[in-house]
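The values are calculated or read from the model by the stated rules, or taken from the named source; none is laboratory data. Being a predicted model, the structure only gives us computed values, none of them experimental. No Cβ is skipped: glycine too gets one built from the backbone with ideal geometry, and neighbour counts run over all protein chains shown. Only protein heavy atoms, including side chains, enter the accessible area calculation; ligands, DNA and RNA are left aside. Shrake-Rupley method; radii C 1.70, N 1.55, O 1.52, S 1.80 Å.
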Amino acid sequence: MGFLKKLASVLFAKNDNIDPYGIHFYIKCDRCGAVVDARADRRNDLSRQYQGEGAFVWRKEIIDDRCFQLMQAEVRFDDHYNILSQELTGGCFITKEEYEQSKALQT
């Protein structure tokens, strides 16, 4: 029985690095203060830029679940997926800690 418990703990352990291709952005709505976790997949969601600033760009329309305001994000990356610039209309970018704190207060 010890072997099965060990196997289950390895297979079902909580691992924050389980999403190697995801880039998460934490956003707060300007109108109602709702927070959103927006995920960009490096393999599918980023567009290659051949002119202008950066190697990749991520454009996303985001809607929160409280007031349903449309927020538009544009983030530019270099070849190593480092953020060069980020713009958001209708909201603001926040840290992961601020997102988690706000989610904890909502529940």
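Of note:
- The stretch 41-95, subset in contact (Cβ under 8 Å) with a residue 60 or more places away in the chain and part of a loop (DSSP other than H, G, I, E, B), residue most open to solvent (accessible area, probe 1.4 Å): Thr95
- Top-ranked residue in the stretch 61-107 [being among the aliphatic types (A, V, I, L, M) and more than 17 Å from Cys32 (Cα to Cα); ranked as farthest from the chain's Cα centre (by Cα)]: Leu84
- Single unsatisfied condition, Lys28 versus (1) at pLDDT 95 or above; (2) farther than 23 Å from Gln106 by Cβ; (3) open to solvent by 80 Å² or more (accessible area, probe 1.4 Å): (2)
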